[in-house]
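Before any comments, here is the structure.
The values are calculated or read from the model by the stated rules, or taken from the named source; none is laboratory data. Predicted model, so just to flag it, every value in this text is computed and none were measured. Cβ atoms come from the backbone with ideal geometry, glycine included; neighbour counts cover every protein chain shown.
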Ligand SMILES: C[S@@+](CC[C@H](N)C(=O)[O-])C[C@H]1O[C@@H](n2cnc3c(N)ncnc32)[C@H](O)[C@@H]1O
């Protein structure tokens, strides 16, 4: 039984955390969605419960958030949790045209030029989004930061495979996140941006490409030590 078909019977009190195999795209079902940066997992679990017809992956870089989400997700069979960095791993974990929706809520806006590579608008990340979404699939970003939302709207809207669909201010949302409630309580506006994939698009996967290094001599302890800084 692989993790796509696994049930939570063995440890029903926890959700299923998976560790994907390098170079192998994750299995998907007909309606597979992804949430990036789910924080405490409150939205994630409520969303997966409310939509039993979808199969949801959640990627989160923080280990403590992953554990918090897993504690909430006990018994849920349509959610798989992954502890990794979505910036690098989105394109490695999913094959082209496999996700019907990618949700990102209240991502850190990473202001300033020095942080440009960390933002959703970084070309590398935008290309990954455009590749793994199905044709007609949707990227939804929710933020409290107007400047950041305007930047995402402009930059992703210029991507050749994405169409900027809607920019809503304070949309009614059935399920909310912890950060959303915090900002709303402070009287801040919430912005929801949606983009649709309109054209086929692909990207190079690094795990099957330049992560391999050929060493033309017997491996020495120095070779192994040199890997530490990678
Ligand atoms: C401001 S919090 C928002 C959490 C949640 N979405 C919410 O609205 O309550 C941003 C989350 O994104 C996660 N995150 C930041 N960079 C990430 C990355 N590169 N890959 C995956 N998760 C990331 C952080 O650990 C954090 O949990």
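A few points about this structure:
- The range 142-167, residues that are part of a strand (DSSP E or B), buried (at least 19 other Cβ atoms within 10 Å of the Cβ) and in contact with a helix residue (DSSP H, G or I) (Cβ under 6 Å, 6 or more places away or on another chain): 143, 162
- Among residues of the range 62-75, those that are in a loop (DSSP other than H, G, I, E, B) and crowded, with 22+ Cβ neighbours inside 10 Å, counted: 1
- Scanning the range 11-56 for residues that are more than 15 Å from the ligand (Cβ to nearest atom) and at positive phi yields a single hit, 23.
- Criterion violated by residue 59 - all others in (1) in a helix (DSSP H, G or I); (2) within 14 Å of the ligand (Cβ to nearest atom) satisfied: (1)
- Any hit, the range 162-178, residues being over 21 Å from residue 204 (Cα atoms) and under 17 Å from the mean Cα position of the chain (by Cα): yes
- Criterion: modelled with pLDDT under 95, outside any loop (DSSP other than H, G, I, E, B), out of contact with any helix residue (DSSP H, G or I) (no Cβ under 8 Å at 6 or more places or on another chain) and exposed (fewer than 14 other Cβ atoms within 10 Å of the Cβ) - qualifying residue of 210, 222: 222
- Residue check for residue 98: buried (at least 19 other Cβ atoms within 10 Å of the Cβ), more than 9 Å from the ligand (Cβ to nearest atom), over 21 Å from residue 181 (Cα atoms) and without any contact (Cβ under 8 Å) to a residue 40 or more places away in the chain: no
- Among the residues of the range 101-136, those identified as over 14 Å from the mean Cα position of the chain (by Cα) and either surrounded by 22 or more Cβ atoms within 10 Å (Cβ to Cβ) or modelled with pLDDT of 90 or more (or both) are 134, 135, 136.
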